[in-house]
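What follows is a short report on a single structure.
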């Protein structure tokens with residue numbers, strides 16, 4: 001079943017009344033304004049994206065700088081651990097014998 | 001509309017991609033028809049003017065994306081207008097209004113001996129009200145806007161056989177109550 005409201009009109013809309021709303025100049029102005037807004041939004045979006053990438057790059061570089069010495073230390077520690085383990089293993093073998 | 005005329009309109013649209021003032025020719029040519037088409041679905045002059053303006057603005061914005069599909073440029077305008085009307089009704093969340101010219105309704109129905117009376121008009125209105133929106137849309141395009149099925153299919157984004165089927169079913173429903181003058185293909 002339909003849910004529409006049907007109205008009956010006695011007369012057609014006159015050409016004169018329609019002509020009151022016809023304005024191509026206004027349409028062009030609106031189009032130009034919309035085009036400019038779209039362009040500004042595009043530029044702004046690219047600017048935001050670039051700023052975000054720069055900030056991300058700065059954060060990552062700082063993070064790398066901050067944790068770089070710790071990583072060296074960790075490596076040394078790991079090497080030391082291996083040496084200690086080997087020494088311990090050798091000692092255990094000697095003791096068992 | 002001949003193939004030559006359709007091609008001519010496409011060339012105007014092509015020109016308007018570089019020079020927006022060229023679009024004015026199409027605007028002037030089709031403004032009244034699109035206005036009437038929208039007005040028939042809103043019954044409000046100011047809303048119609050807004051939607052009509054939005055229709056042509058969208059057409060101008062998307063002129064670059066438009067592709068030749070063998071239908072007149074006007075069919076594309078009708079399609080945008082139809083989408084704008086649907087968008088409007090989704091926004092206001094109200095039932096769709098169809099404001100039909102009495103003369104057009106009379107053209108559909110064979111007059112009785114007593115001529116056209118108030119009772120027959122009311123009966124017609126009641127039956128049109130019961131038709132689903134999709135059927136009213138095809139009836140409007142087929143008999144009030146004189147569009148062929150290829151154009152109707154393009155405007156409503158359905159297949160050509162789908163458009164024929166909807167028209168046939170809509171007229172079939174009305175034919176049970178009225179003595180219709182026209183066949184589904186528009187012939188009397």
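Does region A:11-23 contain at least one residue that is at the interface with chain B (Cβ under 7 Å from one of its Cβ atoms), in a loop (DSSP other than H, G, I, E, B) and more than 47 Å from the chain's Cα centre (by Cα)?
There is at least one residue in region A:11-23 that is at the interface with chain B (Cβ under 7 Å from one of its Cβ atoms), in a loop (DSSP other than H, G, I, E, B) and more than 47 Å from the chain's Cα centre (by Cα).
Here are the criteria: (1) in a helix (DSSP H, G or I); (2) out of contact with any strand residue (DSSP E or B) (no Cβ under 7 Å at 6 or more places or on another chain). Tell me which single one residue B:158 does not satisfy.
So residue B:158 meets the others, but not (1).
Give B:105, B:97 a once-over and let me know the one that is touching a strand residue (DSSP E or B) at 6+ places or on another chain (Cβ under 8 Å) and either without any contact (Cβ under 8 Å) to a residue 24 or more places away in the chain or within 24 Å of residue A:38 (Cα to Cα) (or both).
B:105 is the lone residue from the list that is touching a strand residue (DSSP E or B) at 6+ places or on another chain (Cβ under 8 Å) and either without any contact (Cβ under 8 Å) to a residue 24 or more places away in the chain or within 24 Å of residue A:38 (Cα to Cα) (or both).
Here are the criteria: (1) touching a residue at least 60 places away in the same chain (Cβ under 8 Å); (2) under 30 Å from residue B:174 (Cα atoms); (3) in contact with a helix residue (DSSP H, G or I) (Cβ under 6 Å, 6 or more places away or on another chain). Tell me which single one residue B:73 does not satisfy.
(2)
Criterion first (surrounded by fewer than 18 Cβ atoms within 10 Å (Cβ to Cβ), in contact with a helix residue (DSSP H, G or I) (Cβ under 8 Å, 6 or more places away or on another chain), modelled with pLDDT of 85 or more and within 22 Å of residue A:30 (Cβ to Cβ)) does residue B:84 satisfy it?
Against the criterion (surrounded by fewer than 18 Cβ atoms within 10 Å (Cβ to Cβ), in contact with a helix residue (DSSP H, G or I) (Cβ under 8 Å, 6 or more places away or on another chain), modelled with pLDDT of 85 or more and within 22 Å of residue A:30 (Cβ to Cβ)), residue B:84 does not qualify.
Restricting to region B:58-101, name every residue that is within 10 Å of chain A (Cβ to nearest Cβ), farther than 22 Å from residue B:145 by Cα and not in a loop (DSSP other than H, G, I, E, B).
B:60, B:61 - these are the residues of region B:58-101 that are within 10 Å of chain A (Cβ to nearest Cβ), farther than 22 Å from residue B:145 by Cα and not in a loop (DSSP other than H, G, I, E, B).
If you go through region A:38-45 one residue at a time, do you hit one that is under 27 Å from residue B:29 (Cα atoms), surrounded by fewer than 13 Cβ atoms within 10 Å (Cβ to Cβ) and modelled with pLDDT of 90 or more?
Within region A:38-45, none of the residues are under 27 Å from residue B:29 (Cα atoms), surrounded by fewer than 13 Cβ atoms within 10 Å (Cβ to Cβ) and modelled with pLDDT of 90 or more.
As an exercise: evaluate residue A:9 against (1) touching a strand residue (DSSP E or B) at 6+ places or on another chain (Cβ under 6 Å); (2) surrounded by fewer than 10 Cβ atoms within 10 Å (Cβ to Cβ) and give the number of the one condition it does not meet.
Here residue A:9 meets the rest and fails (2).
In region B:10-35, which residues are crowded, with 19+ Cβ neighbours inside 10 Å and over 22 Å from residue A:33 (Cα atoms)?
B:30, B:34, B:35 - these are the residues of region B:10-35 that are crowded, with 19+ Cβ neighbours inside 10 Å and over 22 Å from residue A:33 (Cα atoms).
Based on this model, can you work out whether residue B:49 counts as out of contact with any helix residue (DSSP H, G or I) (no Cβ under 6 Å at 6 or more places or on another chain), farther than 23 Å from residue B:128 by Cα and crowded, with 17+ Cβ neighbours inside 10 Å?
Criteria met by residue B:49.
Do you know which residues across region B:30-57 are more than 9 Å from chain A (Cβ to nearest Cβ) and under 15 Å from residue B:145 (Cα atoms)?
Matches in region B:30-57: B:30, B:33, B:34, B:37, B:38, B:41.
Please go through region B:7-23 and give me each residue that is touching a helix residue (DSSP H, G or I) at 6+ places or on another chain (Cβ under 6 Å), within 12 Å of residue B:60 (Cβ to Cβ) and without any contact (Cβ under 8 Å) to a residue 40 or more places away in the chain, ordered by number.
Hit for region B:7-23 is B:22, nothing else.
Only residues that are over 18 Å from residue B:101 (Cβ atoms), more than 11 Å from chain A (Cβ to nearest Cβ) and out of contact with any helix residue (DSSP H, G or I) (no Cβ under 9 Å at 6 or more places or on another chain): list them for region B:118-164, please.
Result: B:119, single match.
The values are calculated or read from the model by the stated rules, or taken from the named source; none is laboratory data. Remember, it's a predicted structure, so these values are computed and weren't measured experimentally. Reconstructed Cβ throughout: ideal geometry from the backbone, glycine too, with neighbour counts over all protein chains shown.
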